[in-house]
Ligand code: ADP
């Protein structure tokens, strides 16, 4: 195995300097050169050789150090330099390193090997135990330096059979020890029989130490790099997650890819709990075919036969080093298609319950390291956080959406209600508003309200349809049957929706659909007391069903339509009724007017005869008879007055009250009234005064009616006043007559001052009640005054008296009653 790794030089340099010191000490000095004699000669030669060797060693060591310092981060280069120097310095023909990987020691750097020999060695790793047939195996077996003087002479030795190694004789193996345990072996070989000297062994041991340091450095460095790589990757994943917090798919895709890369998995997937089981929601390294296979066959149930299922069951990490060798594993077809062997399942735990699994797998049997499992767990945590965030975010959003939707609906409903209340009696405007609002709010392209007419339903309001469609529908009532969404809603008495009318085999409004072009159709009946009185239809030109919320909203609108239709119906009913009432009341007034008139004629005759009798035209009468006739006449007059009053009111009500306009003198009117009421006042011991400011112009008006008004005012004043006086004044001011009747009676409370001019109204006071009357006099007076274009009102102080005032145009035009 040729592994490229890098190592640091720091500690190696120090170690080596230390290792070289003894050799420095042994280095011969120049002082020895001057020695003579044979012994000396031999010694000199020996020293020269040693010097040469030492120099060579120094140079070689310096070279190695240089290489090491230059290629600190390339373990292979360092090892190559080390083995070459060791071989050269120790006069070996070949040399190599074997390094431990798992259970085997693999061929690493070599010196003096042909390409074929390297290849052979690469293909034949040495087991850690039980191989005494090789120098490496023997070093490992004995745990120390081993020298075989002649491998040819060693019966256990097998290397001599290997092609290219026939000529190897003396072999040296030095263990690379880290904390007492062999992590490799340095081997030197000679093509001759010549033992490596102690010095050489010592030198090789130093080189082996250097190699250990370099390997260690490389290991640390690669670990450092690995963790740096993981950290960078994790940071990047976190960045993606934080950037796309609310795009869960992106987060999961990023997570699954990163975790697969960092943990050197060939395929990876995130499974989440769905209705059907633990379905994969993000994958890495799955071929299209595999994806199809999985989606067709695997939502994974929590069973022990799958790694994902087992992870869910156990609620903790499941690591299967070879699914094919696992007796419980049953997803063999999946394993075959994916080509996986080692598999890892990490649960996504929320509140200790698995909501999903991260699944990682390799296509060879190579278990995940603790570090990888730990890393994958971190990613699982991130996935849980991301899922949780999105869930919370979605929840918040849904709630916000709900709120804003219902707010929007409320506003819309309020708007519609406003329109309805403003145009209570314009049903068409209300229905138009309703269809438009319903269509807008429910994102419908068009909407219409249909109402029953005879057997069929007719189009009464629409929004958003083409003129062609409106015309078509106007002329084509929808006849009963399940062929229309409208009738389905009517028959079922509830909202009916068809997602796509074109896909509905029973749908029969083919022409309407062709002209209208709609697809999704909603019909909501307008229900009054459980009976449909119309239907509101909403349509979309694409297939997109209305949501429950929208259906609910349309139902609200349907209710509004029912109310509006109902209001208008009631209003029309009331109007009809009041028209009927008005006619009936006119008939009654007419009847009363006719009747009073009919009563008056015989009464007048009776009074006339009574007067003739009193005057003794027929025969002289006794005292008692005369007194009775006086009674008859006074009661008869009273009755005539009452009949006249009723007749006036009836005439006013039936619109037959008219004025007889003539020139008149207001002075005469006042005088007539004074004379007529004088005896009444005397009877009550009241002073009655009349004051007229002269000159007074001649007026135009109905003298008789004006006399009636003033008579009523003075009559009331006398009637309600018990002590004091009644005063009548008249003057002409600014083209008007101003007439007032002042009394010292009980007065009229403020709140009654306008109401006494209404028909039948009397101040609810025992005093006034006992004085009798009909409550009609002032109403008639007001009518007469206003028909003259004048006005009448009262000023009063309760307990002190009242002042009734009249203002009349001197020359009155006839006003309409
Ligand atoms: P009647 O006098 O027949 O009841 P009127 O229409 O003439 O009907 O008057 C209505 C009411 O106004 C009276 O019943 C009385 O309560 C009140 N009223 C009218 N004139 C006077 C007044 N001069 N002083 C006090 N109350 C009065």
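The values are calculated or read from the model by the stated rules, or taken from the named source; none is laboratory data. This structure is a prediction, so every number in the text was calculated from the model and none was measured. Here the Cβ is made from the backbone with ideal geometry for all residues, glycine too, and neighbour counts use every protein chain on show.
When 439, 447, 461, 386 are screened for being touching a residue at least 60 places away in the same chain (Cβ under 8 Å), in contact with a helix residue (DSSP H, G or I) (Cβ under 6 Å, 6 or more places away or on another chain) and over 30 Å from residue 254 (Cβ atoms), only 447 passes. Of all the numbered requirements in (1) more than 13 Å from the ligand (Cβ to nearest atom); (2) in contact (Cβ under 8 Å) with a residue 40 or more places away in the chain; (3) touching a helix residue (DSSP H, G or I) at 6+ places or on another chain (Cβ under 6 Å), residue 710 misses one, and that requirement is (1). Screening the candidates 699, 799 for the property of being more than 8 Å from the ligand (Cβ to nearest atom), at pLDDT below 95 and crowded, with 21+ Cβ neighbours inside 10 Å yields one hit, 699. With respect to (1) within 12 Å of the ligand (Cβ to nearest atom); (2) within 28 Å of residue 657 (Cβ to Cβ); (3) touching a helix residue (DSSP H, G or I) at 6+ places or on another chain (Cβ under 8 Å); (4) in contact (Cβ under 8 Å) with a residue 40 or more places away in the chain, the lone exception for residue 753 is condition (3).
Screening residue 313 with (1) without any contact (Cβ under 8 Å) to a residue 24 or more places away in the chain; (2) in contact with a strand residue (DSSP E or B) (Cβ under 7 Å, 6 or more places away or on another chain); (3) in a helix (DSSP H, G or I); (4) farther than 30 Å from residue 229 by Cβ gives one miss only, at (2). Cβ-Cβ distances below 9 Å connect the following pairs, each with a first residue in region 775-791 that is on the phi > 0 side of the Ramachandran plot, a second residue that is near the ligand (Cβ under 7 Å from one of its atoms), and a separation of six or more residues or different chains: 775/756; 775/761; 775/762.
Give the number of residues within region 471-488 that are crowded, with 17+ Cβ neighbours inside 10 Å and not in a loop (DSSP other than H, G, I, E, B).
Looking only at that region, the number is 7.
Can you tell which of 336, 350, 399 is surrounded by 13 or more Cβ atoms within 10 Å (Cβ to Cβ) and either more than 30 Å from residue 305 (Cα to Cα) or at pLDDT 85 or above (or both)?
On the way: 336 fails: surrounded by 13 or more Cβ atoms within 10 Å (Cβ to Cβ); 399 fails: surrounded by 13 or more Cβ atoms within 10 Å (Cβ to Cβ).
Criteria check complete, one pass: 350.
Within region 711-727, identify whether any single residue is in contact with a strand residue (DSSP E or B) (Cβ under 7 Å, 6 or more places away or on another chain) and closer than 21 Å to residue 788 by Cα, and answer yes or no. There is at least one residue in region 711-727 that is in contact with a strand residue (DSSP E or B) (Cβ under 7 Å, 6 or more places away or on another chain) and closer than 21 Å to residue 788 by Cα.
Suppose we keep only residues that are touching a helix residue (DSSP H, G or I) at 6+ places or on another chain (Cβ under 7 Å) and either farther than 19 Å from residue 565 by Cβ or part of a helix (DSSP H, G or I) (or both) within region 418-428. Which one would you say is modelled with the lowest pLDDT?
Here is the first cut: in region 418-428, the residues touching a helix residue (DSSP H, G or I) at 6+ places or on another chain (Cβ under 7 Å) are 419-420, 423-425, 427.
Going one step further and asking which of them are either farther than 19 Å from residue 565 by Cβ or part of a helix (DSSP H, G or I) (or both), we end up with 419-420, 427.
Working: 419: 72, 420: 68, 427: 81.
Step by step, filter region 418-428, then rank; the result is 420.
Going by the conditions given, is residue 732 under 26 Å from residue 651 (Cβ atoms), in contact (Cβ under 8 Å) with a residue 24 or more places away in the chain and crowded, with 17+ Cβ neighbours inside 10 Å?
No, not satisfied.
Residue 760 meets all of the listed conditions (1) surrounded by 12 or more Cβ atoms within 10 Å (Cβ to Cβ); (2) assigned to a loop (DSSP other than H, G, I, E, B); (3) more than 8 Å from the ligand (Cβ to nearest atom) but one, namely (1).
In this structure, is residue 282 part of a strand (DSSP E or B) and touching a helix residue (DSSP H, G or I) at 6+ places or on another chain (Cβ under 6 Å)?
Values: part of a strand (DSSP E or B): yes; touching a helix residue (DSSP H, G or I) at 6+ places or on another chain (Cβ under 6 Å): yes.
So residue 282 fits the description; yes.
If we scan region 763-780, do we find a residue that is more than 9 Å from the ligand (Cβ to nearest atom) and assigned to a loop (DSSP other than H, G, I, E, B)? Walk me through it before giving the result.
So the first thing to find is which residues in region 763-780 are more than 9 Å from the ligand (Cβ to nearest atom), and the list is 766, 770.
Going one step further and asking which of them are assigned to a loop (DSSP other than H, G, I, E, B), we end up with none.
Looking through region 763-780, none of the residues is more than 9 Å from the ligand (Cβ to nearest atom) and assigned to a loop (DSSP other than H, G, I, E, B).
Pick out the one residue from 89, 82, 65 that is buried (at least 23 other Cβ atoms within 10 Å of the Cβ) and touching a residue at least 40 places away in the same chain (Cβ under 8 Å).
On the way: 89 fails: buried (at least 23 other Cβ atoms within 10 Å of the Cβ); 65 fails: buried (at least 23 other Cβ atoms within 10 Å of the Cβ).
Only one candidate qualifies: 82.
May I ask you to verify whether residue 493 is more than 30 Å from the chain's Cα centre (by Cα), modelled with pLDDT of 90 or more, at positive phi and loosely packed, with under 13 Cβ neighbours inside 10 Å? Show your work before the answer.
Values: more than 30 Å from the chain's Cα centre (by Cα): yes; modelled with pLDDT of 90 or more: yes; at positive phi: yes; loosely packed, with under 13 Cβ neighbours inside 10 Å: yes.
Yes.
On the given criteria, is residue 264 touching a strand residue (DSSP E or B) at 6+ places or on another chain (Cβ under 8 Å), on the phi > 0 side of the Ramachandran plot and either surrounded by 20 or more Cβ atoms within 10 Å (Cβ to Cβ) or not in a helix (DSSP H, G or I) (or both)? So residue 264 passes the test. Going residue by residue through region 725-742, is there one that turns out to be within 12 Å of the ligand (Cβ to nearest atom), closer than 20 Å to residue 800 by Cβ, in contact with a helix residue (DSSP H, G or I) (Cβ under 6 Å, 6 or more places away or on another chain) and at pLDDT below 95? Scanning region 725-742, I find no residue that is within 12 Å of the ligand (Cβ to nearest atom), closer than 20 Å to residue 800 by Cβ, in contact with a helix residue (DSSP H, G or I) (Cβ under 6 Å, 6 or more places away or on another chain) and at pLDDT below 95, so the answer is no.
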